[in-house]
Amino acid sequence: MTRRRLEAFSDGVLAVVITIMVLNLHPPAGDSITDLRPLLPKLAVYLLSFVFVAIYWNNHHHMFQVVSRISGGVLWANAHLLFWVSLTPAAAAWLGPHLGDTAPTAVYGVVLLGSAIAYTILTRSLLAVQPADSPLARAVGRDTKGILSLVAYAIAIAVTPVVPWFSLGLYFAVAAVWLVPDRRMERVLQPRQSHQTR
């Protein structure tokens, strides 16, 4: 499988994930604006989940712009990431009507943590098949933001039985940190794009 085919397949899966999430939203029975009030928790979870999937799509796209090789291990690591992200609609559907309840909040966090771990594994799998001084290696560096995200998710899951609202706050905080596309990749991409336009 080529790099472009892997990207196209991943794009398709992520598009389906977003479509399933929006299909879980149902309009209110009434015709008043106040009838939307019970939907607000579901809309908040949908927004968080949409941003979460969009972040992975953005960063996945950027990362594959700076790699020159893929391997069988990369294909499986990518499938592993798609597995975890594909669980987002189910976790979001449970959390929406139970916002702040312990079990749905913890399960949603497990999906976030599993996706973050899978993305880390994918990054390491790609690094293993690139030259030591590759653009990806320069862009990733120590990956402080990625490591801190893993720690934040783990803490959020651990404290869910005591303060589930704090856990939800951590989920939103991590999403906010990653909302901007990964500038590390953009910095590596800019010199290559400038060179290609000459």
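The values are calculated or read from the model by the stated rules, or taken from the named source; none is laboratory data. Worth saying up front: this structure is predicted, and the values here are computed from it rather than measured. Here the Cβ is made from the backbone with ideal geometry for all residues, glycine too, and neighbour counts use every protein chain on show. Side chains included, ligands, DNA and RNA excluded: accessible areas come from the protein's heavy atoms. Shrake-Rupley method; radii C 1.70, N 1.55, O 1.52, S 1.80 Å.
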(request) Under 8 Å between Cβ atoms, at least 6 apart or on separate chains: pull out the pairs that start in region 154-168 with a residue that is more than 11 Å from residue 106 (Cα to Cα) and open to solvent by 50 Å² or more (accessible area, probe 1.4 Å) and end on any residue that is of a type in the set (Val, Ile, Thr) and part of a helix (DSSP H, G or I). (result) 166/159
(request) Residue by residue through region 1-39, note down the ones that are surrounded by 10 or more Cβ atoms within 10 Å (Cβ to Cβ) and acidic (Asp, Glu). (result) 7, 11, 35
(request) Identify the residue in region 169-185 that is aliphatic (A, V, I, L, M) and open to solvent by less than 30 Å² (accessible area, probe 1.4 Å) and, among all such residues, is modelled with the lowest pLDDT. (result) 185
(request) Residues being assigned to a loop (DSSP other than H, G, I, E, B) and either among the small types (Gly, Ala, Ser) or within 20 Å of residue 73 (Cβ to Cβ) (or both): count how many of those fall in region 1-37. (result) 5
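Residue-wise test of (1) more than 13 Å from the chain's Cα centre (by Cα); (2) under 27 Å from residue 68 (Cα atoms); (3) at pLDDT below 95.
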| site | (1), (2), (3) |
| --- | --- |
| 90 | yes, no, no |
| 98 | yes, no, yes |
| 107 | yes, no, no |
| 119 | no, yes, no |
| 127 | yes, yes, yes |
| 138 | yes, yes, yes |
| 161 | yes, no, no |
| 192 | yes, yes, yes |
